[in-house]
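J.: What follows is a structure written as C-alpha coordinates; I'll ask about it next.
The values are calculated or read from the model by the stated rules, or taken from the named source; none is laboratory data. None of the values given here were measured: they were computed from a predicted structure. Don't worry about glycine lacking a Cβ; one is built from the backbone with ideal geometry, like all the others, and counts go over all protein chains shown.
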Amino acid sequence: MRETARAFAQKSLAPIAGQLDRESRFPREQLRELAELGLMGVNVPEKYGGAEAGPVAYALAMMEIAQGCAATAVTMAVNNMVAETLCRFGSEEQKARYVPEITSGRFEAASFGLSEPHCGSDAAALRTSARRDGDSWVINGSKQWITSGDRAGLIIVWARTGGNGSKGISAFLVEGGARGLHVGRHEDKMGVRASTTVSLSFEDLRLPAGALLGPQEQGFGVAMTALEGGRIGVSAQAVGIGTAALEAAARYAQQRQAFGRPIADYQAIRFMLADSATELEAARLLTLRAAALKEAGRPFALEGSMAKLYSAEKAIKACDRAVQVHGGYGYIDEFPVERHYRDVRVTAIYEGTSEIQRHVIARELLRE
Ligand SMILES: Cc1cc2nc3c(=O)[nH]c(=O)nc-3n(C[C@H](O)[C@H](O)[C@H](O)COP(=O)(O)OP(=O)(O)OC[C@H]3O[C@@H](n4cnc5c(N)ncnc54)[C@H](O)[C@@H]3O)c2cc1C
(Lines give C-alpha, C1' and ligand atoms only; values in the text may rest on other atoms or scores of the structure.)
Protein backbone atom coordinates (compact mmCIF):
# COMPACT_ATOMS: atom_id res chain seq x y z
CA MET A 1 0.00 0.00 0.00
CA ARG A 2 2.84 2.36 0.89
CA GLU A 3 4.70 1.66 -2.33
CA THR A 4 1.53 2.17 -4.37
CA ALA A 5 0.79 5.44 -2.59
CA ARG A 6 4.40 6.64 -2.87
CA ALA A 7 4.63 5.94 -6.59
CA PHE A 8 1.36 7.75 -7.27
CA ALA A 9 2.16 10.68 -4.97
CA GLN A 10 5.60 11.30 -6.48
CA LYS A 11 4.58 10.82 -10.10
CA SER A 12 1.08 12.27 -10.21
CA LEU A 13 0.65 14.59 -7.20
CA ALA A 14 3.93 16.27 -6.22
CA PRO A 15 4.54 17.78 -9.69
CA ILE A 16 1.10 19.47 -9.80
CA ALA A 17 0.47 20.22 -6.11
CA GLY A 18 1.73 23.81 -6.47
CA GLN A 19 -0.53 24.48 -9.42
CA LEU A 20 -3.58 22.92 -7.72
CA ASP A 21 -2.87 25.18 -4.73
CA ARG A 22 -2.49 28.35 -6.79
CA GLU A 23 -5.69 27.66 -8.75
CA SER A 24 -7.58 26.28 -5.71
CA ARG A 25 -8.47 23.44 -8.09
CA PHE A 26 -10.24 20.39 -6.67
CA PRO A 27 -8.15 17.31 -7.64
CA ARG A 28 -11.06 15.46 -9.20
CA GLU A 29 -9.14 13.20 -11.62
CA GLN A 30 -6.45 12.45 -9.03
CA LEU A 31 -9.08 11.36 -6.49
CA ARG A 32 -10.60 9.02 -9.05
CA GLU A 33 -7.18 7.46 -9.63
CA LEU A 34 -6.69 7.10 -5.87
CA ALA A 35 -9.99 5.21 -5.75
CA GLU A 36 -8.77 2.88 -8.50
CA LEU A 37 -5.68 2.17 -6.41
CA GLY A 38 -7.81 1.19 -3.41
CA LEU A 39 -6.93 4.33 -1.44
CA MET A 40 -10.51 5.50 -0.78
CA GLY A 41 -11.22 2.57 1.50
CA VAL A 42 -7.90 1.35 2.81
CA ASN A 43 -9.41 -0.01 6.03
CA VAL A 44 -12.73 -1.02 4.50
CA PRO A 45 -13.77 -4.64 3.79
CA GLU A 46 -13.32 -5.88 0.21
CA LYS A 47 -17.02 -6.72 0.21
CA TYR A 48 -17.74 -2.98 -0.02
CA GLY A 49 -14.99 -2.23 -2.49
CA GLY A 50 -12.29 -1.48 0.08
CA ALA A 51 -8.67 -2.65 0.12
CA GLU A 52 -9.09 -4.24 3.58
CA ALA A 53 -5.44 -3.43 4.27
CA GLY A 54 -5.88 -2.15 7.86
CA PRO A 55 -5.08 1.01 9.85
CA VAL A 56 -1.27 0.68 9.62
CA ALA A 57 -1.41 0.51 5.83
CA TYR A 58 -3.78 3.48 5.90
CA ALA A 59 -1.39 5.57 8.00
CA LEU A 60 1.54 4.69 5.74
CA ALA A 61 -0.44 5.51 2.61
CA MET A 62 -1.66 8.81 4.12
CA MET A 63 1.93 9.89 4.90
CA GLU A 64 2.89 9.32 1.26
CA ILE A 65 -0.12 11.06 -0.27
CA ALA A 66 0.28 14.06 2.08
CA GLN A 67 3.95 14.27 1.13
CA GLY A 68 2.82 14.61 -2.49
CA CYS A 69 -0.18 16.92 -2.01
CA ALA A 70 -1.70 17.86 1.33
CA ALA A 71 -5.01 19.03 -0.15
CA THR A 72 -5.56 15.71 -1.93
CA ALA A 73 -4.66 13.93 1.31
CA VAL A 74 -7.30 15.84 3.30
CA THR A 75 -10.02 14.89 0.84
CA MET A 76 -8.85 11.27 0.85
CA ALA A 77 -8.81 11.27 4.67
CA VAL A 78 -12.42 12.40 5.02
CA ASN A 79 -13.59 9.87 2.38
CA ASN A 80 -11.86 7.05 4.27
CA MET A 81 -13.24 8.25 7.60
CA VAL A 82 -16.82 8.37 6.28
CA ALA A 83 -16.52 4.94 4.61
CA GLU A 84 -15.11 3.40 7.80
CA THR A 85 -17.80 5.01 9.96
CA LEU A 86 -20.51 3.61 7.71
CA CYS A 87 -18.94 0.15 7.91
CA ARG A 88 -18.84 0.35 11.68
CA PHE A 89 -22.27 1.84 12.42
CA GLY A 90 -24.36 1.44 9.25
CA SER A 91 -27.11 -1.08 8.58
CA GLU A 92 -26.38 -3.67 5.89
CA GLU A 93 -28.56 -1.70 3.51
CA GLN A 94 -26.74 1.58 4.20
CA LYS A 95 -23.33 -0.06 3.78
CA ALA A 96 -24.27 -1.81 0.53
CA ARG A 97 -25.80 1.34 -0.89
CA TYR A 98 -23.15 3.94 -0.05
CA VAL A 99 -19.75 2.47 0.76
CA PRO A 100 -19.00 1.09 -2.73
CA GLU A 101 -19.88 4.54 -4.17
CA ILE A 102 -17.16 6.09 -2.00
CA THR A 103 -14.47 3.41 -2.42
CA SER A 104 -14.97 3.27 -6.21
CA GLY A 105 -14.76 7.03 -6.64
CA ARG A 106 -18.27 7.15 -8.18
CA PHE A 107 -18.97 9.66 -5.42
CA GLU A 108 -16.51 12.48 -6.00
CA ALA A 109 -16.22 12.78 -2.22
CA ALA A 110 -17.95 12.12 1.08
CA SER A 111 -18.31 14.56 3.98
CA PHE A 112 -18.41 14.68 7.75
CA GLY A 113 -20.85 17.32 8.99
CA LEU A 114 -20.32 17.93 12.68
CA SER A 115 -18.96 21.47 13.27
CA GLU A 116 -21.35 24.43 13.35
CA PRO A 117 -20.76 28.18 13.14
CA HIS A 118 -20.90 28.56 16.93
CA CYS A 119 -19.15 25.33 17.94
CA GLY A 120 -16.30 23.12 16.78
CA SER A 121 -14.39 21.83 19.82
CA ASP A 122 -17.60 21.74 21.87
CA ALA A 123 -19.48 19.63 19.35
CA ALA A 124 -22.00 18.52 22.00
CA ALA A 125 -23.42 22.07 21.85
CA LEU A 126 -24.60 21.67 18.26
CA ARG A 127 -27.99 23.15 17.37
CA THR A 128 -28.98 21.61 14.04
CA SER A 129 -32.27 19.86 14.77
CA ALA A 130 -33.96 16.72 13.46
CA ARG A 131 -37.68 16.46 14.09
CA ARG A 132 -39.71 13.33 13.50
CA ASP A 133 -42.68 13.83 11.17
CA GLY A 134 -44.52 10.58 10.46
CA ASP A 135 -42.08 8.31 8.63
CA SER A 136 -39.61 11.14 7.97
CA TRP A 137 -37.02 13.22 9.75
CA VAL A 138 -36.99 16.94 9.07
CA ILE A 139 -33.60 18.64 9.46
CA ASN A 140 -33.04 22.37 10.04
CA GLY A 141 -29.83 24.20 10.90
CA SER A 142 -26.34 24.78 9.56
CA LYS A 143 -22.82 23.41 9.48
CA GLN A 144 -19.48 25.15 9.13
CA TRP A 145 -16.09 24.13 7.67
CA ILE A 146 -17.34 21.03 5.88
CA THR A 147 -14.55 19.48 3.82
CA SER A 148 -15.83 18.55 0.32
CA GLY A 149 -19.36 19.57 1.38
CA ASP A 150 -20.09 20.90 -2.13
CA ARG A 151 -18.78 17.74 -3.84
CA ALA A 152 -20.06 15.02 -1.58
CA GLY A 153 -22.32 12.22 -2.75
CA LEU A 154 -23.00 11.54 0.91
CA ILE A 155 -22.71 13.64 4.06
CA ILE A 156 -22.98 12.35 7.62
CA VAL A 157 -24.90 15.09 9.43
CA TRP A 158 -25.17 15.26 13.20
CA ALA A 159 -28.38 16.79 14.55
CA ARG A 160 -30.24 17.11 17.82
CA THR A 161 -33.17 14.75 18.25
CA GLY A 162 -33.34 14.98 22.04
CA GLY A 163 -32.38 17.26 24.93
CA ASN A 164 -29.25 19.32 25.50
CA GLY A 165 -25.74 17.93 25.53
CA SER A 166 -24.12 14.90 23.95
CA LYS A 167 -26.97 12.51 24.78
CA GLY A 168 -29.49 14.28 22.54
CA ILE A 169 -27.55 13.91 19.29
CA SER A 170 -28.19 11.50 16.38
CA ALA A 171 -26.34 10.93 13.09
CA PHE A 172 -28.04 10.97 9.67
CA LEU A 173 -27.08 10.14 6.11
CA VAL A 174 -27.80 12.99 3.70
CA GLU A 175 -27.28 12.55 -0.04
CA GLY A 176 -25.59 15.32 -2.01
CA GLY A 177 -28.11 17.44 -3.93
CA ALA A 178 -30.97 16.62 -1.53
CA ARG A 179 -33.86 19.10 -1.52
CA GLY A 180 -33.45 21.50 1.37
CA LEU A 181 -29.64 21.15 1.43
CA HIS A 182 -27.90 24.42 0.54
CA VAL A 183 -24.18 24.85 -0.02
CA GLY A 184 -22.69 28.12 1.22
CA ARG A 185 -19.60 29.96 0.13
CA HIS A 186 -16.17 28.41 -0.35
CA GLU A 187 -13.81 29.38 2.41
CA ASP A 188 -10.69 31.16 1.14
CA LYS A 189 -8.18 29.21 3.19
CA MET A 190 -4.56 29.74 4.22
CA GLY A 191 -3.59 26.26 3.04
CA VAL A 192 -4.89 22.96 1.64
CA ARG A 193 -6.49 25.25 -0.91
CA ALA A 194 -7.23 22.54 -3.47
CA SER A 195 -9.59 20.89 -1.01
CA THR A 196 -12.97 22.57 -0.69
CA THR A 197 -14.35 23.78 2.63
CA VAL A 198 -17.91 25.10 2.70
CA SER A 199 -20.76 25.90 5.01
CA LEU A 200 -24.02 23.95 4.62
CA SER A 201 -27.55 24.83 5.63
CA PHE A 202 -30.62 22.66 5.94
CA GLU A 203 -34.08 24.06 5.38
CA ASP A 204 -36.80 21.51 6.12
CA LEU A 205 -34.59 18.82 4.62
CA ARG A 206 -36.75 15.69 4.67
CA LEU A 207 -35.10 12.30 5.20
CA PRO A 208 -36.61 8.82 5.31
CA ALA A 209 -36.57 6.96 8.64
CA GLY A 210 -33.82 4.73 7.21
CA ALA A 211 -31.41 7.69 7.02
CA LEU A 212 -30.61 7.42 10.74
CA LEU A 213 -27.03 6.14 11.19
CA GLY A 214 -26.66 4.03 14.31
CA PRO A 215 -29.15 4.15 17.19
CA GLN A 216 -31.14 7.32 17.87
CA GLU A 217 -29.45 9.65 20.36
CA GLN A 218 -26.17 7.80 20.17
CA GLY A 219 -24.77 9.96 17.41
CA PHE A 220 -22.21 11.67 19.60
CA GLY A 221 -20.48 8.33 20.20
CA VAL A 222 -20.47 7.72 16.44
CA ALA A 223 -18.72 11.07 15.91
CA MET A 224 -16.17 10.50 18.67
CA THR A 225 -15.31 7.01 17.39
CA ALA A 226 -14.86 8.40 13.88
CA LEU A 227 -12.64 11.24 15.13
CA GLU A 228 -10.52 8.89 17.23
CA GLY A 229 -9.57 7.04 14.06
CA GLY A 230 -9.43 10.26 12.05
CA ARG A 231 -6.72 11.60 14.35
CA ILE A 232 -4.36 8.89 13.18
CA GLY A 233 -5.04 10.11 9.65
CA VAL A 234 -4.33 13.77 10.51
CA SER A 235 -1.20 12.73 12.38
CA ALA A 236 -0.03 10.87 9.27
CA GLN A 237 -0.85 13.92 7.12
CA ALA A 238 1.32 16.09 9.34
CA VAL A 239 4.22 13.62 9.10
CA GLY A 240 3.86 13.56 5.31
CA ILE A 241 3.85 17.36 4.92
CA GLY A 242 6.74 17.77 7.40
CA THR A 243 8.77 15.15 5.53
CA ALA A 244 8.20 16.93 2.22
CA ALA A 245 9.46 20.17 3.80
CA LEU A 246 12.50 18.47 5.35
CA GLU A 247 13.48 16.84 2.06
CA ALA A 248 13.14 20.16 0.23
CA ALA A 249 15.28 21.88 2.90
CA ALA A 250 18.00 19.20 2.72
CA ARG A 251 18.13 19.51 -1.09
CA TYR A 252 18.28 23.28 -1.02
CA ALA A 253 20.93 23.39 1.72
CA GLN A 254 23.31 21.43 -0.51
CA GLN A 255 22.74 23.68 -3.53
CA ARG A 256 22.68 27.14 -1.99
CA GLN A 257 26.07 28.78 -1.48
CA ALA A 258 26.81 31.50 1.10
CA PHE A 259 30.24 32.85 2.01
CA GLY A 260 31.81 30.49 -0.53
CA ARG A 261 30.35 27.24 0.81
CA PRO A 262 27.09 25.31 0.60
CA ILE A 263 24.91 26.39 3.54
CA ALA A 264 24.65 22.66 4.44
CA ASP A 265 28.26 23.02 5.72
CA TYR A 266 27.12 25.36 8.49
CA GLN A 267 26.28 23.80 11.82
CA ALA A 268 23.28 26.09 12.35
CA ILE A 269 21.67 24.65 9.19
CA ARG A 270 22.74 21.05 9.90
CA PHE A 271 21.21 21.20 13.38
CA MET A 272 17.89 22.43 12.01
CA LEU A 273 17.79 19.49 9.60
CA ALA A 274 18.83 17.04 12.34
CA ASP A 275 16.14 18.26 14.75
CA SER A 276 13.41 18.04 12.11
CA ALA A 277 14.51 14.55 11.02
CA THR A 278 14.51 13.30 14.62
CA GLU A 279 11.17 14.83 15.55
CA LEU A 280 9.47 13.62 12.38
CA GLU A 281 10.78 10.11 12.99
CA ALA A 282 9.31 10.15 16.50
CA ALA A 283 6.03 11.49 15.06
CA ARG A 284 6.01 8.69 12.48
CA LEU A 285 6.48 6.07 15.20
CA LEU A 286 3.75 7.53 17.45
CA THR A 287 1.39 7.52 14.47
CA LEU A 288 2.19 3.92 13.58
CA ARG A 289 1.87 2.81 17.19
CA ALA A 290 -1.65 4.27 17.44
CA ALA A 291 -2.50 2.63 14.11
CA ALA A 292 -1.11 -0.72 15.27
CA LEU A 293 -3.22 -0.59 18.45
CA LYS A 294 -6.29 0.15 16.35
CA GLU A 295 -5.39 -2.74 14.06
CA ALA A 296 -5.09 -5.06 17.08
CA GLY A 297 -8.58 -4.01 18.25
CA ARG A 298 -7.15 -2.39 21.38
CA PRO A 299 -8.00 1.06 22.82
CA PHE A 300 -6.02 3.84 21.14
CA ALA A 301 -7.69 7.13 22.20
CA LEU A 302 -4.69 8.20 24.28
CA GLU A 303 -2.09 7.14 21.72
CA GLY A 304 -4.08 8.66 18.84
CA SER A 305 -4.29 12.03 20.60
CA MET A 306 -0.61 11.92 21.56
CA ALA A 307 0.30 11.14 17.96
CA LYS A 308 -1.83 13.94 16.50
CA LEU A 309 -0.67 16.52 19.04
CA TYR A 310 3.00 15.70 18.61
CA SER A 311 2.99 15.19 14.84
CA ALA A 312 1.11 18.43 14.15
CA GLU A 313 3.33 20.54 16.38
CA LYS A 314 6.60 19.00 15.18
CA ALA A 315 5.58 19.08 11.52
CA ILE A 316 4.68 22.78 11.88
CA LYS A 317 8.13 23.34 13.33
CA ALA A 318 9.79 21.33 10.54
CA CYS A 319 8.01 23.44 7.91
CA ASP A 320 9.03 26.63 9.71
CA ARG A 321 12.67 25.50 9.73
CA ALA A 322 12.45 24.56 6.05
CA VAL A 323 11.33 28.11 5.23
CA GLN A 324 14.24 29.45 7.28
CA VAL A 325 16.76 27.21 5.46
CA HIS A 326 15.48 28.64 2.16
CA GLY A 327 15.97 32.25 3.31
CA GLY A 328 14.07 34.69 1.04
CA TYR A 329 13.26 31.87 -1.39
CA GLY A 330 11.29 30.20 1.39
CA TYR A 331 8.88 33.10 1.41
CA ILE A 332 7.85 32.99 -2.25
CA ASP A 333 5.95 30.37 -4.19
CA GLU A 334 8.86 29.40 -6.45
CA PHE A 335 9.79 26.72 -3.90
CA PRO A 336 7.32 24.29 -2.33
CA VAL A 337 8.17 25.03 1.32
CA GLU A 338 6.01 28.17 1.32
CA ARG A 339 3.01 25.91 0.51
CA HIS A 340 4.01 23.24 3.04
CA TYR A 341 4.19 25.95 5.72
CA ARG A 342 0.61 27.04 4.94
CA ASP A 343 -0.74 23.51 4.46
CA VAL A 344 0.62 22.04 7.69
CA ARG A 345 -0.91 24.65 10.00
CA VAL A 346 -4.39 23.18 9.93
CA THR A 347 -3.23 19.82 11.30
CA ALA A 348 -3.16 21.43 14.77
CA ILE A 349 -6.74 22.65 14.30
CA TYR A 350 -9.06 20.15 12.63
CA GLU A 351 -10.33 16.88 14.07
CA GLY A 352 -9.62 18.32 17.51
CA THR A 353 -7.26 21.22 18.17
CA SER A 354 -3.97 20.67 20.01
CA GLU A 355 -5.65 21.98 23.16
CA ILE A 356 -8.42 19.37 22.85
CA GLN A 357 -5.79 16.62 22.33
CA ARG A 358 -4.13 17.73 25.57
CA HIS A 359 -7.52 17.46 27.30
CA VAL A 360 -7.97 13.90 26.04
CA ILE A 361 -4.43 12.93 27.06
CA ALA A 362 -4.81 14.41 30.56
CA ARG A 363 -8.24 12.79 30.97
CA GLU A 364 -6.83 9.33 30.11
CA LEU A 365 -3.79 9.93 32.29
CA LEU A 366 -5.80 10.97 35.34
CA ARG A 367 -8.26 8.11 34.87
CA GLU A 368 -5.35 5.68 35.27
C1 LIG B 1 -9.78 23.45 6.68
C2 LIG B 1 -10.74 22.93 7.69
C3 LIG B 1 -11.49 21.79 7.41
C4 LIG B 1 -12.42 21.31 8.33
N5 LIG B 1 -13.20 20.22 7.98
C6 LIG B 1 -14.21 19.85 8.82
C7 LIG B 1 -15.13 18.82 8.41
O8 LIG B 1 -15.01 18.23 7.33
N9 LIG B 1 -16.16 18.53 9.24
C10 LIG B 1 -16.34 19.15 10.44
O11 LIG B 1 -17.29 18.82 11.14
N12 LIG B 1 -15.48 20.12 10.85
C13 LIG B 1 -14.42 20.49 10.06
N14 LIG B 1 -13.55 21.49 10.46
C15 LIG B 1 -13.78 22.16 11.73
C16 LIG B 1 -12.74 21.88 12.77
O17 LIG B 1 -12.85 20.56 13.22
C18 LIG B 1 -12.88 22.93 13.87
O19 LIG B 1 -12.44 24.15 13.33
C20 LIG B 1 -12.09 22.59 15.10
O21 LIG B 1 -12.64 21.47 15.73
C22 LIG B 1 -12.03 23.75 16.10
O23 LIG B 1 -13.30 24.24 16.35
P24 LIG B 1 -13.59 25.82 16.24
O25 LIG B 1 -13.05 26.28 14.93
O26 LIG B 1 -15.03 26.04 16.52
O27 LIG B 1 -12.73 26.45 17.37
P28 LIG B 1 -13.17 26.66 18.90
O29 LIG B 1 -13.73 25.41 19.42
O30 LIG B 1 -14.00 27.88 19.00
O31 LIG B 1 -11.77 26.91 19.58
C32 LIG B 1 -11.11 28.18 19.54
C33 LIG B 1 -9.85 28.05 20.39
O34 LIG B 1 -10.22 27.75 21.75
C35 LIG B 1 -9.57 26.56 22.14
N36 LIG B 1 -10.45 25.82 23.04
C37 LIG B 1 -11.74 25.45 22.84
N38 LIG B 1 -12.20 24.77 23.91
C39 LIG B 1 -11.18 24.68 24.79
C40 LIG B 1 -11.02 24.10 26.07
N41 LIG B 1 -12.01 23.42 26.66
N42 LIG B 1 -9.82 24.22 26.67
C43 LIG B 1 -8.80 24.88 26.09
N44 LIG B 1 -8.89 25.46 24.88
C45 LIG B 1 -10.06 25.35 24.24
C46 LIG B 1 -9.29 25.79 20.87
O47 LIG B 1 -8.25 24.84 21.04
C48 LIG B 1 -8.91 26.91 19.94
O49 LIG B 1 -7.59 27.28 20.16
C50 LIG B 1 -12.59 21.96 9.56
C51 LIG B 1 -11.80 23.08 9.86
C52 LIG B 1 -10.91 23.56 8.95
C53 LIG B 1 -10.12 24.79 9.28
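J.: Within the stretch 136-147, restricting attention to residues that are hydroxyl-bearing (Ser, Thr, Tyr) and within 13 Å of the ligand (Cβ to nearest atom), which residue is farthest from the chain's Cα centre (by Cα)?
T.: Looking at residues that are hydroxyl-bearing (Ser, Thr, Tyr) and within 13 Å of the ligand (Cβ to nearest atom), I get SER142.
J.: Same structure, new question: Residue check: is THR287 within 25 Å of ALA223 (Cα to Cα) and within 16 Å of the ligand (Cβ to nearest atom)?
T.: no
J.: Considering ASP122, ASP150, ASP133, which residue is within 8 Å of the ligand (Cβ to nearest atom) and among the acidic types (Asp, Glu)?
T.: On the way: ASP150 fails: within 8 Å of the ligand (Cβ to nearest atom); ASP133 fails: within 8 Å of the ligand (Cβ to nearest atom).
Only one candidate qualifies: ASP122.
J.: For the structure I just gave you, tell me whether VAL337 is away from the ligand (no atom under 16 Å from the Cβ), among the β-branched types (Val, Ile, Thr) and touching a residue at least 40 places away in the same chain (Cβ under 8 Å). Can you show your working first?
T.: Details: away from the ligand (no atom under 16 Å from the Cβ): yes; among the β-branched types (Val, Ile, Thr): yes; touching a residue at least 40 places away in the same chain (Cβ under 8 Å): yes.
In short, yes.
J.: Here is a further query. Does VAL56 qualify as being outside the structural domain of ILE169 (by TED's automatic domain parsing), more than 17 Å from the chain's Cα centre (by Cα) and assigned to a helix (DSSP H, G or I)?
T.: no
J.: Any idea how many residues of the stretch 348-368 are within 13 Å of the chain's Cα centre (by Cα) and more than 19 Å from PHE112 (Cα to Cα)?
T.: 0
J.: On the basis of being touching a residue at least 40 places away in the same chain (Cβ under 8 Å) and either in the same structural domain as SER104 (by TED's automatic domain parsing) or surrounded by fewer than 22 Cβ atoms within 10 Å (Cβ to Cβ) (or both), does TRP145 make the cut? Before you say what the answer is, go through the steps one by one.
T.: Working: touching a residue at least 40 places away in the same chain (Cβ under 8 Å): yes; either in the same structural domain as SER104 (by TED's automatic domain parsing) or surrounded by fewer than 22 Cβ atoms within 10 Å (Cβ to Cβ) (or both): yes.
Taking the combined requirement at face value, the residue satisfies it.
J.: A follow-up question, please. Kindly evaluate GLY327 against the criterion of being within 16 Å of the ligand (Cβ to nearest atom), on the phi > 0 side of the Ramachandran plot and touching a helix residue (DSSP H, G or I) at 6+ places or on another chain (Cβ under 9 Å).
T.: Taking the combined requirement at face value, the residue does not satisfy it.
J.: If you don't mind, there's one more thing I want to ask. Can you tell me which residue is nearest to SER142 (Cα to Cα) among those in the stretch 95-116 that are within 16 Å of the ligand (Cβ to nearest atom) and among the hydrophobic types (A, V, I, L, M, F, W, C)?
T.: LEU114
J.: List every residue pair whose Cβ atoms lie under 7 Å apart, where the two residues are 6 or more positions apart in sequence or sit on different chains, the first residue falls within the stretch 349-367 and is closer than 15 Å to ALA312 by Cβ, and the second residue, located anywhere, is surrounded by fewer than 15 Cβ atoms within 10 Å (Cβ to Cβ) and among the small types (Gly, Ala, Ser).
T.: Going by the 7 Å Cβ cut-off, the qualifying pairs are THR353/SER121; ILE356/SER121.
J.: Additional query: Answer with yes or no whether ARG160 is more than 20 Å from ALA223 (Cβ to Cβ), of a type outside the set (S, T, N, Q) and modelled with pLDDT of 95 or more.
T.: no
J.: Let me ask you something else. Tell me which of these LEU13 doesn't satisfy, since it passes every other one: (1) part of a loop (DSSP other than H, G, I, E, B); (2) in contact with a Cys (Cβ under 6 Å, 6 or more places away or on another chain).
T.: (1)
J.: Taking the stretch 289-305 as the region of interest, how many residues are touching a residue at least 24 places away in the same chain (Cβ under 8 Å) and surrounded by 21 or more Cβ atoms within 10 Å (Cβ to Cβ)? Before you say what the answer is, go through the steps one by one.
T.: Residues of the stretch 289-305 that are touching a residue at least 24 places away in the same chain (Cβ under 8 Å), as a first pass: 290-292, 294-295, 300-302, 304-305.
Now restrict to residues that are surrounded by 21 or more Cβ atoms within 10 Å (Cβ to Cβ): 290-291, 294, 300, 304-305.
Residues meeting the conditions: 6.
J.: Among the residues of the stretch 25-37, are any assigned by TED's automatic domain parsing to the domain that holds GLU64, in a helix (DSSP H, G or I) and more than 20 Å from the chain's Cα centre (by Cα)?
T.: no
J.: What are the residue pairs meeting all of these: first residue in the stretch 181-203, first residue in the same structural domain as TYR341 (by TED's automatic domain parsing), second residue within 11 Å of the ligand (Cβ to nearest atom) and β-branched (Val, Ile, Thr), Cβ atoms under 8 Å, and 6 or more apart or on different chains?
T.: Pairs that qualify, where the first residue is in the same structural domain as TYR341 (by TED's automatic domain parsing) and the partner is within 11 Å of the ligand (Cβ to nearest atom) and β-branched (Val, Ile, Thr): there are none.
J.: Quick one: would you say ARG97 is surrounded by fewer than 19 Cβ atoms within 10 Å (Cβ to Cβ), in contact with a helix residue (DSSP H, G or I) (Cβ under 9 Å, 6 or more places away or on another chain) and modelled with pLDDT of 95 or more?
T.: no
J.: Regarding LYS308, is this residue touching a residue at least 24 places away in the same chain (Cβ under 8 Å) and in contact with an Asp or Glu (Cβ under 6 Å, 6 or more places away or on another chain)?
T.: no
J.: Would the stretch 77-89 turn up any residue that is within 16 Å of the ligand (Cβ to nearest atom), out of contact with any Gly (no Cβ under 6 Å at 6 or more places or on another chain), in a helix (DSSP H, G or I) and of a type in the set (Gly, Ala, Ser)?
T.: Looking for residues that are within 16 Å of the ligand (Cβ to nearest atom), out of contact with any Gly (no Cβ under 6 Å at 6 or more places or on another chain), in a helix (DSSP H, G or I) and of a type in the set (Gly, Ala, Ser), one finds none in the stretch 77-89, hence no.
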